[in-house]
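Have a look at the structure below, then the notes.
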Amino acid sequence: MRMRWKTSPSLTCMLFFMLLLNGMSLIPNGRHKLLYEKGHKEYKCVGCVLLVSIIEQLAQIHNSTAKEALERLCSYLPEKLHLQGTCFLVAEIFGPNIIKLIESKMNADVVCHSIRFCTQKAGQPFCHLYPPPKVGLDVAIKQSERMVSNQIKNVHRLSGICSLPFMKHLCENIQSFIHSKLPYEDFDGDKFSTFPTLRGYHWRGRDCDDRQASVHPGRRPDNWDAEKDSNCNGIWGVNPKDGIPYEQKFCNGTESKGVIILGDSAEAHFHIPPEWVTASQMSKKAFSNLLEVFSDELDWPQFSGATGFLHSTIGGWTESFYLHLRRRNRCNHRDYQNISKNGGSSRNILDLVKSLARSQQFDKPAIVTFAMIGNAVCNGHSDTVKHMTRPEQMRSNVVQTLHYLNSLLPKGSHVILTGLVDGRFLWDNLHDRYHPLGQLNKDVTYGQFYSFLSCLQTTPCTGWMSTNATLRNATSERALQLSNVLKQLAKSEKYANFDVFYMDFPLKEIAKMWHQLGGEAWQLVEPVDGFHPNQIASALGARIIWEKILREWPHVLGKENPFNDEIAAVFKDQGGH
């Protein structure tokens, strides 16, 4: 297979490709600035090992040369915005070295150390994903370096891409967008959009008029929406038989309210498609939505357990708190906001919550869930315990957040504080299973994958993704302490505009329910990162949380709307999502 090597990529796609190359494990930690500003070397190492592994496996599966495998990989990428051309351009720079070393039977670790995408820290061992060569990593790397010594200078050609004068403005715009967590396309400035990705309606209800800030999901209806749909729930106009506005007829007194989630990467629903890293599953179709996925920050809130509303395309099924609440009262249509981010925690929640769109004067009440279930104890530092949130910090951060919400939420709202997860579940159920990169040759377990990321300090959670059982237990103990802080706050804190509840994160219940359905615990974890709850876990979690609230705090959900069938008959799908 011979491909033409294009050389005119767009600048935007160069950034997207650098994102892929520098290592997708960066995203859950939320340290985006490192990638855009300097191309942080540890993440470049992860990306390099991933890329070389895929090339090696594609060559093996298709019985081809490494060069043909590299060309095959580039051909899978979309031509949209010249992304495929960008791949060929990058391959021109790095391809010859990679191909030479792969054909010399060097594994991905050796290749990436040889071309200096991976580096050994002073006094530290070589970080490696695969079992070391028989001659040892040190010897193999030195042998490989001699093979490419005259070409190593090319390795740094794409480092620090944002330091280039013509890239600076674009990088600043991307960085500002990532920080704000507001829709990129929002013409009337009401924090809602008609565009799905880039924090658009995948994240919060679709705006039905992006020319008027007074029209948006969650609004109290203007004049009962007799003339226009001011709250975008698809119910408007006047019944010609009795002259009563439909919004008043179907929604008045039904206690309609919105769903808001303040969360981390689990609630944003972080997911890397396994077919992106599994050579046997790769195809042009597998990468067809690459740009859309990156424009949602590798998150899938449209399928999440909090705000999911579309049929899942990533396995499992979509079941969400929002859909349950909408079925209970169709007047809640489109009233959802997923204010979550990769790397979200109580430490940055005050910045995150400022992107929430709710007005005490004009909007309906809301059910707000605080669900920072991991990052208070998860970090990539080797001295991980030192960098965990302390109980007094958690209390201070959450109290400040509750005070801010009291100044923002309409009276009659509710806030639910969710406890932290017990992440020992990951090691207990995954460590001896094969990672997608290791399934072909049975050479990479999740235990090896965790150790590789920990060595590079790129792991999303040193404490739980660790071979050290004592450290895993200590991390869970701190998580329990922080959960107890939230539990105490739910009992002690009183606010004028909302009541406060606490619930444990229902991981045990999710695993039990899945087992009853015939599944196994390891099937509840994202296969590529080996860290996040997957689509099945999110759906089952939504079901369990809904049933708990319905059983213990039914007033939070409002009344079941007796007019749901009539709304469906008159307005069908209410304008869709």
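Could you tell me whether the stretch 328-351 includes any residue that is among the aliphatic types (A, V, I, L, M), in contact (Cβ under 8 Å) with a residue 24 or more places away in the chain, crowded, with 24+ Cβ neighbours inside 10 Å and touching a Ser or Thr at 6+ places or on another chain (Cβ under 7 Å)?
Yes, the stretch 328-351 has at least one match.
What number of residues within the stretch 537-577 are among the acidic types (Asp, Glu) and within 22 Å of residue 267 (Cβ to Cβ)?
2
Taking residue 275 as the residue in question, decide whether it is in a loop (DSSP other than H, G, I, E, B), out of contact with any Gly (no Cβ under 8 Å at 6 or more places or on another chain) and of a type in the set (Asp, Glu).
It is false that residue 275 is in a loop (DSSP other than H, G, I, E, B), out of contact with any Gly (no Cβ under 8 Å at 6 or more places or on another chain) and of a type in the set (Asp, Glu).
Hey, can you tell me all the residues within the stretch 476-497 that are more than 24 Å from residue 391 (Cα to Cα) and either surrounded by 13 or more Cβ atoms within 10 Å (Cβ to Cβ) or in contact with a Cys (Cβ under 8 Å, 6 or more places away or on another chain) (or both)?
Matches in the stretch 476-497: 497 only.
Taking the stretch 124-148, which residues are among the β-branched types (Val, Ile, Thr) and touching a residue at least 40 places away in the same chain (Cβ under 8 Å)?
148
Looking only at the stretch 292-321, how many residues end up being crowded, with 18+ Cβ neighbours inside 10 Å and either part of a helix (DSSP H, G or I) or on the phi > 0 side of the Ramachandran plot (or both)?
9
Scanning for something more than 23 Å from the chain's Cα centre (by Cα), more than 20 Å from residue 380 (Cα to Cα) and in a loop (DSSP other than H, G, I, E, B), does the stretch 497-505 turn up at least one residue?
yes
Table: residues versus (1) closer than 19 Å to residue 287 by Cβ; (2) small (Gly, Ala, Ser); (3) in a helix (DSSP H, G or I); (4) modelled with pLDDT of 95 or more.
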site	(1), (2), (3), (4)
59	yes, yes, yes, yes
87	yes, no, yes, no
90	yes, no, yes, no
93	no, no, yes, no
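Give the stretch 352-361 a look and list any residue that's open to solvent by less than 20 Å² (accessible area, probe 1.4 Å) and part of a loop (DSSP other than H, G, I, E, B), or say none. Steps first, answer last, please.
Just the residues of the stretch 352-361 that are open to solvent by less than 20 Å² (accessible area, probe 1.4 Å), to begin with: 352-353, 355-358.
If the condition is that a residue be open to solvent by less than 20 Å² (accessible area, probe 1.4 Å) and part of a loop (DSSP other than H, G, I, E, B), then 355, 356, 357, 358 are the ones that fit.
Which ones in the stretch 260-291 are charged (D, E, K, R), surrounded by fewer than 18 Cβ atoms within 10 Å (Cβ to Cβ) and in contact (Cβ under 8 Å) with a residue 12 or more places away in the chain?
284 - this is the single residue of the stretch 260-291 that is charged (D, E, K, R), surrounded by fewer than 18 Cβ atoms within 10 Å (Cβ to Cβ) and in contact (Cβ under 8 Å) with a residue 12 or more places away in the chain.
For the stretch 292-312, which positions are free of Cβ contacts under 8 Å to residues at least 60 places away in the same chain and over 23 Å from residue 259 (Cα atoms)?
If the condition is that a residue be free of Cβ contacts under 8 Å to residues at least 60 places away in the same chain and over 23 Å from residue 259 (Cα atoms), then 293 is the only one that fits.
Would the stretch 362-371 turn up any residue that is open to solvent by 10 Å² or more (accessible area, probe 1.4 Å), assigned to a loop (DSSP other than H, G, I, E, B) and either farther than 22 Å from residue 257 by Cβ or hydroxyl-bearing (Ser, Thr, Tyr) (or both)?
no
Mind checking which residues of the stretch 372-414 are in contact with a Pro (Cβ under 7 Å, 6 or more places away or on another chain) and not in a loop (DSSP other than H, G, I, E, B)?
Across the stretch 372-414, the qualifying residue is only 413.
Out of the residues in the stretch 455-475 meeting the condition of being touching a residue at least 60 places away in the same chain (Cβ under 8 Å) and among the small types (Gly, Ala, Ser), tell me which one is surrounded by the fewest Cβ atoms within 10 Å (Cβ to Cβ).
474
Please state which one of 218, 189, 205, 200 is over 18 Å from residue 252 (Cβ atoms), surrounded by 23 or more Cβ atoms within 10 Å (Cβ to Cβ) and in contact (Cβ under 8 Å) with a residue 12 or more places away in the chain.
205
This table checks each residue for (1) closer than 20 Å to residue 412 by Cα; (2) without any contact (Cβ under 8 Å) to a residue 24 or more places away in the chain.
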position: 482; (1), (2): no, no
position: 507; (1), (2): no, no
position: 510; (1), (2): no, no
position: 515; (1), (2): no, yes
position: 525; (1), (2): no, no
position: 537; (1), (2): no, no
position: 544; (1), (2): no, no
position: 553; (1), (2): yes, no
position: 571; (1), (2): no, no
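Of all the residues that make up the stretch 225-259, how many are open to solvent by less than 30 Å² (accessible area, probe 1.4 Å), closer than 22 Å to residue 414 by Cα and not hydrophobic (A, V, I, L, M, F, W, C)?
6
The values are calculated or read from the model by the stated rules, or taken from the named source; none is laboratory data. As the structure is a computational prediction, the values presented were derived from the model and not from experiment. Quick reminder, even Gly has a Cβ in these numbers, built from the backbone with ideal geometry, and neighbours come from all protein chains shown. For the accessible areas, the whole protein counts, side chains as well, though only heavy atoms, and no ligand, DNA or RNA atoms are used. Shrake-Rupley method; radii C 1.70, N 1.55, O 1.52, S 1.80 Å.
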